[in-house]
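What follows draws every value from the coordinates through simple rules; no lab data is involved. All values derive from a computational prediction rather than experimental measurement.
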Amino acid sequence: MTSPIDSIVANANSQTAITTSASSVTKKDNTTLDKDSFLKLLVAQLKYQDPSKPMDSSAFMAQTAQFTQVEKLQELATNQQNVLDAQLMVGASNMIGRQVSYTGLDGKEAVGVVTSTTLGSSPTLTVGANTDVPLSSVKQVSSITTAGK
């Protein structure tokens with residue numbers, strides 16, 4: 001006989017298989033249990049425990065600590081992504097007025113002066129009058145050289 005906890009884990013695993021087979025539709029990775037699944041498991045344990053053999057309080061505290069740890073790790077990953085995005089935006093804005101070498105959409109290397117930037121999670125540079133270049137395509141950055149200096 002399967003326990004309710006086993007059925008929750010089996011359900012999570014079957015959802016992983018469905019997501020894996022439909023990976024072209026969704027990019028969500030369900031190979032590990034997320035915090036919602038973890039909380040469902042914990043509630044199921046409490047709901048279906050044997051009243052004559054209650055859950056060990058130290059095991060309950062350990063599971064609660066693990067749940068808190070999962071939440072904090074997710075917050076940390078989000079904050080780290082925000083810092084990376086901010087660094088990319090600062091880097092892109094510092095390139096205004098500089099000459100950049102980049103790979104164009106046609107695959108050929110081109111050179112131009114950055115006139116403006118569009119900030120966001122993936123900044124783009126405007127080179128010249130109207131050429132948008134993703135920051136990731138930039139190969140080299142240099143100061144503008146002027147003749148006679």
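Descriptive notes on the structure:
- Over all projection directions, the Cα-based convex hull of region 96-142 averages an area of 2.9 nm².
- Vicinal HN-Hα couplings computed from phi for region 100-111 (Karplus, 6.51 cos²θ - 1.76 cosθ + 1.60; Hz; Gly/Pro x): 10, 10, 8, 8, x, 5, 7, x, 8, 7, 9, 10
- Working note: Karplus 6.51/-1.76/1.60 with θ = phi - 60° gives region 44-54 the couplings 5, 4, 5, 5, 9, 6, 6, x, 7, 9, x Hz, where Gly and Pro are set to x.
- Rg/Rh, computed from the Cα trace of region 31-149 with Rh as the Kirkwood radius, has the value 1.39.
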